[in-house]
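What follows is a single structure, written as structure tokens, with notes after it.
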Amino acid sequence: MVATIGILVGSLGRGSNMKAIVEACWRGELDASVQVVVAPKPEAPAAMWAQSAGIRVVCLSREYPNYPTELIKALSGCSLICLAGYMNLLPTEVLKAHPRSVLNIHPSLLPKYGGKGMYGLRVHQAVIDAGETETGCTVHYVNEEYDEGEIILQLKCPVLITDTAEVLAARVLELEHRAYPQAIRRILTRYAS
Ligand code: GRF
């Protein structure tokens with residue numbers, strides 16, 4: 001059975017992980033299709049790309065009074081939900097409606113450099129400041145805490161002595177684009193067996 005994926009993006013997100021998932025589906029690397037992209041506003045870059053790719057886009061702001069209910073409605077029919085640049089905790093109601101079916105990607109080797117406020121260049125700067133020689137990205141299940149759910153897959157890359165946070169972010173982002181589709185494939189294989 002073809003899995004149906006819903007992707008949640010943030011207002012600032014470029015949507016590059018979203019694209020990586022969509023393109024992996026298009027290439028037939030995943031037995032899945034992206035059914036909906038939920039974005040906080042229509043002018044979010046990810047929302048604009050999804051729209052132009054013919055994917056259903058639902059715009060929902062967290063300020064909306066019935067946000068959890070509306071989000072559940074937007075995601076109905078999705079067997080897997082992928083957070084890609086979604087910066088907030090997901091309402092508990094949504095997690096309950098989709099048990100063990102919500103994934104996130106984080107640009108570090110969790111449990112290191114995760115948690116509230118750890119996003120974007122801050123993560124990579126912290127990795128450099130700590131003198132790490134290796135970093136990477138993590139795809140994990142989402143629970144009620146920031147970056148704490150069970151880890152599904154990690155990919156690693158070196159930290160070079162000359163790296164700035166920006167250079168390191170670009171290296172890790174390339175890994176992310178491989179890691180997210182790989183993790184989804186792993187999960188779909190588990191469901192199928
Ligand atoms: C990625 O670095 C991801 O790890 C984090 O948010 C960023 C989203 O980037 N959760 P993009 O919008 O997918 O390019």
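For the reader, a short list of remarks on this structure follows.
- Calculated P(r) tail over 26 Å for region 1-113, as whole % of Cα pairs: 13
- Taking a sphere under 14 Å around the Cβ of Ile152 and counting the other residues whose Cβ falls inside, with K and R at +1 and D and E at -1, yields a net charge of +1.
- Across all directions, the average flat footprint of the convex hull enclosing the Cα atoms of region 134-189 is 4.3 nm².
- Highest average packing first - 97-108, 179-190, 160-171, Cβ atoms within 10 Å: 97-108, 179-190, 160-171
- Sulfur and carbon atoms: percent of accessible area, the chain [1.4 Å]: 54
- Rolling a 1.4 angstrom probe over the protein heavy atoms with all chains in place gives region 47-160 an accessible area of 50 Å² per residue.
- Difference of contour (0.36 nm per residue) and Cα-Cα distance, Arg56 to Glu150: 30.9 nm
- Only helices enter this figure: runs of n ≥ 4 DSSP H residues, each worth -39500 (n - 2.57), summed and divided by the residues of the chain, yield -11000 deg cm²/dmol at 222 nm to the nearest 500.
- Looking at region 94-145, none of the chymotrypsin sites (Phe, Trp or Tyr not before Pro) sits in a DSSP loop with at most 10 other Cβ atoms within 10 Å of its own Cβ.
- Of every Cα-Cα pair in the chain, the percent that sits beyond 31 Å: 14
- Amide proton proximity set for Cys82, modelled H, under 5 Å, gap of 5+: Gly6, Ile7, Leu8, Leu103
The values are calculated or read from the model by the stated rules, or taken from the named source; none is laboratory data. Predicted, not measured: the structure shown is a model, and the values here were computed from it. All Cβ positions, glycine included, derive from the backbone under ideal geometry; neighbour counts span all protein chains shown. For the accessible areas, the whole protein counts, side chains as well, though only heavy atoms, and no ligand, DNA or RNA atoms are used. Shrake-Rupley method; radii C 1.70, N 1.55, O 1.52, S 1.80 Å.
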